[in-house]
Structures are given as C-alpha cells and as structure tokens.
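Enquirer: This is the structure, below, for whatever I ask next.
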Amino acid sequence: MNPWINTAVICCLVGCSKSSDTGSIADPERCEDRAGTVCRVAGTGQPGAVETETSAIASPLYAPMDVAMFDGPDRFLIADWNNHKVRQVIGDEVRTIVGTAFLGDGDPDFKERIAPGVDGTQVALNHPTSMEFNPVTGQWLLPSWHNHRVRQWSSETGLSLVVVADTDITDGNGANSGFFGDGGPASAALLSYPNSIAVHPETGDFWLLDQRNNRIRSISADFSLIDTIAGGDEATFAGDGEPLENARFFFWNPEELQPEPSGAIEYDADRNRLYVADTSNHRIRVLDLETGTTSSLNTGLQSLPDGACDPTALCFPRDVEVAGDLLYIADTNNHAVRVYNLETESMDVVAGTFAMGTGAMNTAATEAALNTPHGIDIAADGTLLIADTYNHRVLKVLP
C-alpha cells in the first residue's frame with residue numbers, strides 16, 4: 001500500500017462501499033471476555049472513510065498511526081493518519097474531533113491561530129501522528145506530522161488551537177518546516193515532522209520528538225520556552241554513557257524524501273527517565289534526567305540478515321509505553337508488540353507472530369498476525385490497544 005495516495009477524500013465525497021469485514025451486532029469478531037485474546041475495536045480491516053458511519057467497527061480507518069486511551073480502554077483517540085483526522089471512540093461509537101474531508105493546515109479563516117481557537121471539525125490536518133493528554137492543563141496535545149505544528153484540543157469545548165510553531169504558511173506540505181527557535185517561545189519555533197509527545201504529569205511541561213530534526217525538544221507548559229535536550233543534525237547512533245546533549249538518534253534517513261513517521265518518546269515518572277524509540281537504530285534509548293546521561297536498553301542488536309528483520313532483536317520500533325516495571329514496545333517491522341521488564345531486563349512477546357498478516361480475532365494475541373503496528377497504549381488494568389496500522393484497524397488485547 002502506498003501511504004501517500006489518499007483515497008479517503010474520494011470516499012468522503014462519493015462514499016466507499018463497506019467491506020464484508022465491516023462489523024455488526026452479530027459480528028463474530030466482537031470482543032469476547034477471555035484473558036490474553038485479541039479483538040477488533042475500531043476499523044473494518046480495509047482502508048477508507050465513511051464519515052456518516054458511527055459504529056467504531058463499521059467505520060473504516062486508513063493507516064492509523066497511534067491510539068491513546070482516556071477513562072479506560074473503551075474510550076480512546078485514534079490518529080487516523082491517511083484520513084487526516086483525529087477520531088474519538090467511546091464504547092461502540094466513533095466520531096471525528098479534529099479534521100475535515102480534505103487535507104490541509106487549519107481552518108479557512110485562520111481562527112485556529114487565535115485563542116481560544118476554533119471547533120476541531122473545521123480544522124484541516126495533514127497526517128496527524130499521535131495524541132497525548134496533559135493532566136495539568138486538561139488539554140490534548142496533537143502533533144501534526146506534515147503540518148510541522150502542535151495543536152491543543154479541549155475535550156470540554158471541542159476547540160483546536162495552534163500552540164507550537166504558529167508560523168506563517170502558504171501550504172501544509174513543508175513550507176513551514178525547519179529547525180529554529182531554541183531558547184525562545186514555542187509559538188515562534190520551527191519543527192520538522194513532529195511525531196510524539198511525553199508530558200510531565202506534575203508540571204505540565206512536555207517533550208517533543210522532532211523527527212526530521214533528529215532531536216528531542218523540551219517545551220514549557222505555558223509554551224513560553226522551547227529547547228533541545230538531546231539529538232542533533234546527524235542521523236546516527238552516538239552518545240551512550242555520555243551527557244544528553246551528545247546523544248544522536250536515527251529518526252530520519254537524509255536520503256529519503258518522505259519516509260514513514262518514526263520515533264516515539266515516553267516519560268517514566270517513577271524513574272525520572274525518558275524512553276525513546278530510536279527507530280532506525282533498532283533500539284530503545286534511555287535519557288536519565290537525574291544523571292543527565294544516555295544509555296540503551298538490552299534488547300539485542302539488529303543485523304537485518306539478507307535485509308529481513310532478525311526477531312531476536314527489535315526491528316524499527318515506533319512506539320513505547322510504560323506501566324510500572326514494564327515497557328511495552330511496538331516492534332513495528334517485526335509485526336509484534338513486546339514487553340520489556342525494566343528490572344529483570346527480559347523481553348517477551350505479547351502480540352503478533354513476527355510474520356506480516358491479518359490474524360483471526362478472539363484468539364490468543366501471540367497467535368494473531370499483525371501488519372506493521374505503529375502505535376500502542378496500555379491501560380491501568382493491563383488492557384493493551386494496538387494501532388494495527390496497515391491492517392487499518394485498532395485491536396484490544398484483554399489482560
């Protein structure tokens with residue numbers, strides 16, 4: 001599948017026929033309450049868009065890149081990447097909260113640039129990649145990859161407001177991409193394909209993975225200051241055992257004009273660490289904010305034998321989520337989700353078979369094939385949600 005061909009616009013205008021996998025009340029894929037099994041909770045399994053469809057399992061998605069829960073595993077947001085929308089699922093129902101029928105960069109009257117913003121359903125997006133809730137401000141932070149901005153969305157008002165890289169635009173496809181602004185307000189900064197955010201739960205300050213700039217940048221809760229804490233111009237692996245400023249990552253291959261979204265960041269409040277999915281280095285990097293040093297988790301060394309992934313090591317990991325002593329990893333090109341025990345340094349598989357495919361539902365998660373999962377989230381009760389990206393669906397793994 002070519003992720004740059006946007007059939008969603010056509011579907012929205014003329015309507016797309018639903019596949020036989022659209023789901024219904026009697027759908028055999030509806031979740032059964034059995035521990036360790038996987039089931040479909042959003043998307044049909046086929047790419048497309050039917051905006052009038054309100055059933056989460058009957059409404060198509062198009063390459064969902066991430067999923068983020070709120071108030072438990074039955075209430076979550078989806079970065080519906082190639083439909084250029086952020087969608088909200090509550091129970092069995094889905095609706096669009098940010099995005100329109102067409103890709104773009106904001107609302108026609110630019111009201112999104114002036115507080116308090118404009119209704120999210122008037123805001124055109126260009127490839128949203130993730131969502132992160134800020135418990136201090138009570139707002140969602142939404143990086144929009146191809147808009148090179150971060151937006152803030154309120155669940156109370158439904159309003160969207162540009163808060164990082166509030167720069168002039170002529171289009172949403174790279175005119176405002178770049179690296180600028182460290183030491184100044186976030187509104188004046190330039191980003192290049194921002195992809196992931198982690199929030200400090202007590203201060204509301206947050207960290208942003210600036211993908212094409214191969215940097216981790218810190219931003220204050222009031223957006224008054226942006227700075228780089230790690231990374232630099234070089235797309236490489238460097239800096240383990242050294243100060244954070246010496247760390248180098250490989251999020252963006254300079255030889256590729258438009259690779260896929262990659263890299264992710266997660267904050268571990270118990271250990272005061274940031275975990276970084278250093279995608280093209282096939283590693284999880286640890287930024288220790290107490291010692292100010294960088295290291296890597298012991299997840300094996302990926303050699304790509306004959307160009308294929310070696311399942312004994314991570315292969316292009318694209319998301320991380322922490323829960324106590326466990327770090328969940330979207331092992332994207334291994335077509336699996338793994339869990340790493342931060343105390344024992346052991347790693348296990350929780351979903352996927354290491355072979356690309358479309359697994360049967362209501363079976364053991366470790367026996368169900370996935371297709372390039374990019375995003376994950378974990379609930380307090382251990383329920384796992386997976387953005388099964390190129391199967392165009394969101395899956396739930398029951399604890």
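The values are calculated or read from the model by the stated rules, or taken from the named source; none is laboratory data. None of the values given here were measured: they were computed from a predicted structure. All Cβ positions, glycine included, derive from the backbone under ideal geometry; neighbour counts span all protein chains shown. Protein only, heavy atoms only, side chains kept; ligands, DNA and RNA dropped before computing areas. Shrake-Rupley method; radii C 1.70, N 1.55, O 1.52, S 1.80 Å.
Enquirer: Any idea which residue in the stretch 201-221 is nearest to Trp252 (Cα to Cα), counting only those that are under 15 Å from the mean Cα position of the chain (by Cα) and open to solvent by less than 10 Å² (accessible area, probe 1.4 Å)?
Expert: Gln211
Enquirer: Within the bounds of the stretch 162-175, is there any residue that is crowded, with 20+ Cβ neighbours inside 10 Å, at positive phi and over 20 Å from the mean Cα position of the chain (by Cα)?
Expert: Scanning the stretch 162-175, I find no residue that is crowded, with 20+ Cβ neighbours inside 10 Å, at positive phi and over 20 Å from the mean Cα position of the chain (by Cα), so the answer is no.
Enquirer: Also, I was wondering about something else. Go through (1) part of a strand (DSSP E or B); (2) over 20 Å from Val339 (Cα atoms) one by one and return the number of the condition Pro254 breaks.
Expert: Condition not satisfied by Pro254: (1).
Enquirer: Tell me, please, whether a residue that is open to solvent by 50 Å² or more (accessible area, probe 1.4 Å) and either at pLDDT below 95 or in a loop (DSSP other than H, G, I, E, B) (or both) can be found in the stretch 333-342.
Expert: Looking for residues that are open to solvent by 50 Å² or more (accessible area, probe 1.4 Å) and either at pLDDT below 95 or in a loop (DSSP other than H, G, I, E, B) (or both), one finds none in the stretch 333-342, hence no.
Enquirer: List the residue pairs whose Cβ atoms are under 9 Å apart, where the first residue sits in the stretch 97-116 and is among the hydroxyl-bearing types (Ser, Thr, Tyr), the second is open to solvent by less than 40 Å² (accessible area, probe 1.4 Å) and assigned to a loop (DSSP other than H, G, I, E, B), and the two are 6 or more positions apart or on different chains.
Expert: Thr100/His84; Thr100/Asp107; Thr100/Val123; Thr100/Leu125
Enquirer: Let me ask something else. Would you pick out the residues in the stretch 176-200 that are open to solvent by 20 Å² or more (accessible area, probe 1.4 Å), among the hydrophobic types (A, V, I, L, M, F, W, C) and in contact with a strand residue (DSSP E or B) (Cβ under 7 Å, 6 or more places away or on another chain)?
Expert: Phe179, Phe180, Leu190
Enquirer: Right, something else. I'd like the residue in the stretch 41-64 that is open to solvent by 10 Å² or more (accessible area, probe 1.4 Å) and not in a loop (DSSP other than H, G, I, E, B) and, out of all such residues, is farthest from Ala124 (Cα to Cα).
Expert: Looking at residues that are open to solvent by 10 Å² or more (accessible area, probe 1.4 Å) and not in a loop (DSSP other than H, G, I, E, B), I get Val41.
Enquirer: Just one of (1) without any contact (Cβ under 8 Å) to a residue 12 or more places away in the chain; (2) loosely packed, with under 15 Cβ neighbours inside 10 Å trips up Asp310, so point out which.
Expert: The single condition Asp310 does not satisfy is (2).
Yes or no, residue by residue, for (1) more than 20 Å from the chain's Cα centre (by Cα); (2) modelled with pLDDT of 95 or more; (3) over 24 Å from Trp207 (Cα atoms):
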| position | (1), (2), (3) |
| --- | --- |
| Leu61 | no, yes, yes |
| Phe102 | yes, no, yes |
| Ala124 | no, yes, yes |
| Leu141 | no, yes, no |
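Enquirer: Just to be sure before I move on: is Asn298 open to solvent by 30 Å² or more (accessible area, probe 1.4 Å), assigned to a loop (DSSP other than H, G, I, E, B) and in contact with a Pro (Cβ under 7 Å, 6 or more places away or on another chain) in the structure I sent?
Expert: So Asn298 fails the test.
Enquirer: May I pose another question? Do any residues in the stretch 147-161 that are part of a loop (DSSP other than H, G, I, E, B) and open to solvent by 10 Å² or more (accessible area, probe 1.4 Å) have Cβ atoms under 9 Å from those of residues that are acidic (Asp, Glu) and at pLDDT 95 or above, where the two are at least six apart or on different chains, and which pairs are they?
Expert: Filtered contacts from the stretch 147-161: Thr157/Asp119; Gly158/Asp119.
Enquirer: Of everything in the stretch 313-327, what is without any contact (Cβ under 8 Å) to a residue 40 or more places away in the chain and under 24 Å from Tyr390 (Cα atoms)? Give them in sequence order.
Expert: Residues satisfying the conditions are Ala313, Leu314, Cys315.
Enquirer: Can you give me the number of residues within the stretch 343-390 that are more than 25 Å from Asn298 (Cα to Cα), among the acidic types (Asp, Glu) and either open to solvent by less than 20 Å² (accessible area, probe 1.4 Å) or touching a Phe, Trp or Tyr at 6+ places or on another chain (Cβ under 8 Å) (or both)?
Expert: Qualifying residue count, the stretch 343-390: 1.
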